[in-house]
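Structure, as structure tokens:
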Amino acid sequence: MIKYYLHGGLRLEALDNISELNKDERLRDIIWIDMLTPTISEIRTVEKLFDMKFPTKQESEEIEISSRYWEEGERIEINSYFLVNNDENPYNETVSFMLQDKILISIRYKILKSFDEFAGKLFMAHKELKDGFDIFTKIIDIRIDADADTIEGLAREITKVRRQVFADTVSDEDEEILEKISVFEDLNMKIRENVTDKQRILTSLLKSSKFPEYLKKEITIMLKDVRSLIEHTDFNFERLDYLQNIFLGTLSIEQNKVIKIFTIVNVIFLPPTLIASIYGMNFRFMPELGWQYGYAFSIVLMILSSVTPLAIFKKKGWI
């Protein structure tokens, strides 16, 4: 699907049909072409219309990190990450942007909230948007705000898990807590890749002679926001590492308590077992075998041998 946004000066217009753009004056009004999961024929039509070559989805995803921004002639080509956070398997979706002749062309293969949010605001703020450079800047700005919200949400979830770790939890929840920590680390890593990618792109735009000077002040502010987000992701990594260490330490303490209980039980029942084993021998000559109080004597001896270790442990503060 392709959507063409035209700025005629007084109002903004969105068209779905390429046949309405045959006139040259209409083509000059285009400021943004948004291509969502385009077919081969749609891509070829736009390529022919603007005399440019677009990368395929596979090509855009395989581009190295260091080559995701480049300039060629009067064209700026950008491949940027957009985080898709579906709570189960978050991942970074690659979106391709091309800026040429003040027109922005975006190619994406996923419905993204940032684009839908911007499209909703586009018609209300069309007077502030002069060309494709303005639109690109606003889309990236919305994406940065969304990343900030995701980071804040992740920080709140980490706080909840921290409370859960320090609370008296059932042992069945141990695996669940570890799984949550692992999921949060994965999400934080994806966010870090996302904002680092934005930092690289914004830095390149700031140095570019092809990017409008009047937007570079806004780019500088966005770059500061991105740097603060990177610092926040670093802080989340530290919190998750600390949380994992505390959790494993707490788990180890609980396991040691269980082992301690078993050890005490073994020590308590070992002497009575020894006494019972001795008097359970089937030797013909045993001093207490014919004694009237032999049974009671062995019972008392076993009780004393059990109580004595308990008294010693309690005196030493071991229990």
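The values are calculated or read from the model by the stated rules, or taken from the named source; none is laboratory data. Being a predicted model, the structure only gives us computed values, none of them experimental. All Cβ positions, even for glycine, are placed from backbone atoms using ideal geometry, and neighbour counts span all protein chains on display.
Some notes on this structure:
- Within the range 199-212, if we keep just the residues that are within 21 Å of Ile144 (Cβ to Cβ) and out of contact with any Phe, Trp or Tyr (no Cβ under 8 Å at 6 or more places or on another chain), the residue that is surrounded by the fewest Cβ atoms within 10 Å (Cβ to Cβ) turns out to be Lys207.
- Odd one out for Phe247 among (1) at pLDDT 90 or above; (2) in contact with a helix residue (DSSP H, G or I) (Cβ under 7 Å, 6 or more places away or on another chain): (1)
- Some residue of the range 291-299 being in a helix (DSSP H, G or I) and in contact with a Pro (Cβ under 9 Å, 6 or more places away or on another chain): yes
- Any hit, the range 162-173, residues being of a type in the set (Lys, Arg) and touching a residue at least 60 places away in the same chain (Cβ under 8 Å): yes
- Single match in Ser252, Ser277, Ser228 (criterion: within 26 Å of the chain's Cα centre (by Cα), of a type in the set (Ser, Thr, Tyr) and in a helix (DSSP H, G or I)): Ser228
- Within the range 217-241, the set of residues being in contact with a helix residue (DSSP H, G or I) (Cβ under 9 Å, 6 or more places away or on another chain) and of a type outside the set (A, V, I, L, M, F, W, C) comprises Glu218, Thr220, Asp225, Arg227, Ser228, His232, Thr233, Asp234, Asn236, Arg239, Asp241.
- Selected residue [in the same structural domain as Asn86 (by TED's automatic domain parsing) and modelled with pLDDT of 90 or more] from Glu152, Glu128, Glu117, Glu157: Glu152
- 2 or more residues modelled with pLDDT of 80 or more and out of contact with any Cys (no Cβ under 7 Å at 6 or more places or on another chain): qualifying helices (runs of 4 or more DSSP H) within the range 1-76: 40-50
- Boolean, Phe297 is loosely packed, with under 11 Cβ neighbours inside 10 Å, farther than 30 Å from Gly153 by Cα and of a type in the set (Phe, Trp, Tyr): no
- Residue count for the range 195-219, restricted to those that are in contact (Cβ under 8 Å) with a residue 12 or more places away in the chain and farther than 14 Å from Asp234 by Cβ: 16
- When residues in the range 278-313 are screened for being at pLDDT below 80 and within 13 Å of Ile268 (Cα to Cα), 1 of them pass.
- Within the range 77-99, tally of residues that are modelled with pLDDT under 85 and surrounded by 14 or more Cβ atoms within 10 Å (Cβ to Cβ): 2
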